[in-house]
1. When only residues in the range 164-197 that are crowded, with 17+ Cβ neighbours inside 10 Å and of a type in the set (Gly, Ala, Ser) count, which is farthest from ILE240 (Cα to Cα)?
2. Answer with yes or no whether ARG269 is under 30 Å from GLU242 (Cα atoms), assigned by TED's automatic domain parsing to the domain that holds ASP248 and not aliphatic (A, V, I, L, M).
3. So, LEU225, is that one at pLDDT 80 or above, in contact with a Gly (Cβ under 6 Å, 6 or more places away or on another chain), assigned by TED's automatic domain parsing to the domain that holds MET308 and crowded, with 17+ Cβ neighbours inside 10 Å or not?
4. Kindly indicate the residue of the range 308-366 that is without any contact (Cβ under 8 Å) to a residue 12 or more places away in the chain and in a helix (DSSP H, G or I) and also nearest to HIS74 (Cα to Cα) among those meeting that condition.
5. Only one residue in ILE153, ILE107 is buried (at least 17 other Cβ atoms within 10 Å of the Cβ) and not assigned by TED's automatic domain parsing to the domain that holds ALA79. Which one?
6. Of the residues SER303, SER348, SER278, SER253, which is surrounded by fewer than 13 Cβ atoms within 10 Å (Cβ to Cβ), over 18 Å from the mean Cα position of the chain (by Cα) and of a type outside the set (A, V, I, L, M)?
7. Looking only at the range 236-284, count every residue that is of a type in the set (Gly, Ala, Ser), under 17 Å from THR324 (Cα atoms) and either assigned to a loop (DSSP other than H, G, I, E, B) or in contact with a Phe, Trp or Tyr (Cβ under 8 Å, 6 or more places away or on another chain) (or both) and tell me the total.
8. Would you mind finding the one in LYS124, LYS161, LYS129 that is closer than 29 Å to GLN67 by Cβ, assigned by TED's automatic domain parsing to the domain that holds THR202 and either at pLDDT 90 or above or surrounded by fewer than 17 Cβ atoms within 10 Å (Cβ to Cβ) (or both)?
Amino acid sequence: MTNIYLISGNDQAQIAAHAEKIILQVAGPKPDDFAFDCFQEGDAGPDAALIQNLLMSLKSPPFLGGQKTVWLKHFSGFASEGDKTAPLSKALKELATFLAQGLPKDIVLVMDGPGIDRRRALAKACTDKGELITYQKPDKLNRNWQADMAACIQLTAKDKKLNLSREIVDYLIEVLGTDTARIDSELEKIICYMGGPQGQITLDEVRQICVGQGEEFGWTMGNFLGLRNLQECLRVIDAISEQSKDEDRTARSLILNAAAFFRQALQIRLFMVINKISSPISLKRLLEESGDTQKQAWVEDGSDFVTMHPYRVQMIAEQAARYTPQEIIAAIRTLRDALWQCISSSTSPRVSLENALIKIIGLQRK
């Protein structure tokens, strides 16, 4: 039986969900403190000391006998294995060498996080002595992205013992786009509506309870907005426009999506200042540890973003840091003016969109 699990790829939502599923299977809902070690990076990010502590735990037998579970949780430093000069790289190579020998049967290791390189020692050791599981986020610039997203939805539905018709899966793809972080919550809404996974539901009923958040194809462009990459933003607009049956409607939707991105960025920046949160990863951890009551209080105070997946919030927080608060406010105003121009003039919505992005990304920090 496998006792080494490494879950990686670039789809952080699915990586985290699969890791938590394995932990539930091997350690139970309330792990025994004497038989469970969890290692998670702090505010400073991943470092060699964390991996050394992990190794010490793997070399120590269970305190009271039986089985011990060790979890390297949501680790963001796997890509450092390729940096020969980094202390973390040396620590990861030491971990790979240790795992290549296999683990005692009474120890289970679970590691999850993005960035693993299949060509390097750690991935090879886990493949040889355990299991390497990868999740790749569907890419809307790939012509097969809908089939990839359908597979993600069906896999999650299967885990929940939920049988979905093809037409319902197709509708969920329209609602979610490539936002895999929302799959679990949308399927849970369907199950609750039916009173259990074995119930029956129609497409019309799904349409009522699973509502899209704007045009999700704007998500890709939002990423490049966060990176302040004008060339990629314009390339995405070209790709999306080619697939669209109504280019003007698509351009207006992208303006709204861009405005939503900057509103979320401003909300997050303000929330971090008020709550004295020092880094995006600290914000993610706060949301993971906060209950529904606390989140609802934040929502009532105007921080709607807390209902989003913590990884998505962390990413937006990282992207928001590339803009000053003044630039974010100016960007929202620019997009407001662009939308008004679409309505009040003969200017093409796409031209209005592109001009707005050029102005926003061209803004220079003072």
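1. Step by step, filter the range 164-197, then rank; the result is ALA181.
2. Working: under 30 Å from GLU242 (Cα atoms): no; assigned by TED's automatic domain parsing to the domain that holds ASP248: yes; not aliphatic (A, V, I, L, M): yes.
So ARG269 fails the test.
3. Criteria not met by LEU225.
4. Among residues in the range 308-366 that are without any contact (Cβ under 8 Å) to a residue 12 or more places away in the chain and in a helix (DSSP H, G or I), the one nearest to HIS74 (Cα to Cα) is GLN326.
5. Values: ILE107 fails: not assigned by TED's automatic domain parsing to the domain that holds ALA79.
ILE153 is the lone residue from the list that is buried (at least 17 other Cβ atoms within 10 Å of the Cβ) and not assigned by TED's automatic domain parsing to the domain that holds ALA79.
6. Details: SER303 fails: surrounded by fewer than 13 Cβ atoms within 10 Å (Cβ to Cβ); SER348 fails: surrounded by fewer than 13 Cβ atoms within 10 Å (Cβ to Cβ); SER253 fails: surrounded by fewer than 13 Cβ atoms within 10 Å (Cβ to Cβ).
From the options SER303, SER348, SER278, SER253, the qualifying one is SER278.
7. 3
8. Numbers: LYS124 fails: assigned by TED's automatic domain parsing to the domain that holds THR202; LYS129 fails: assigned by TED's automatic domain parsing to the domain that holds THR202.
LYS161 is the lone residue from the list that is closer than 29 Å to GLN67 by Cβ, assigned by TED's automatic domain parsing to the domain that holds THR202 and either at pLDDT 90 or above or surrounded by fewer than 17 Cβ atoms within 10 Å (Cβ to Cβ) (or both).
The values are calculated or read from the model by the stated rules, or taken from the named source; none is laboratory data. Worth saying up front: this structure is predicted, and the values here are computed from it rather than measured. With ideal geometry, Cβ positions are generated from the backbone for all residues, glycine too; neighbour counts draw on all protein chains shown.
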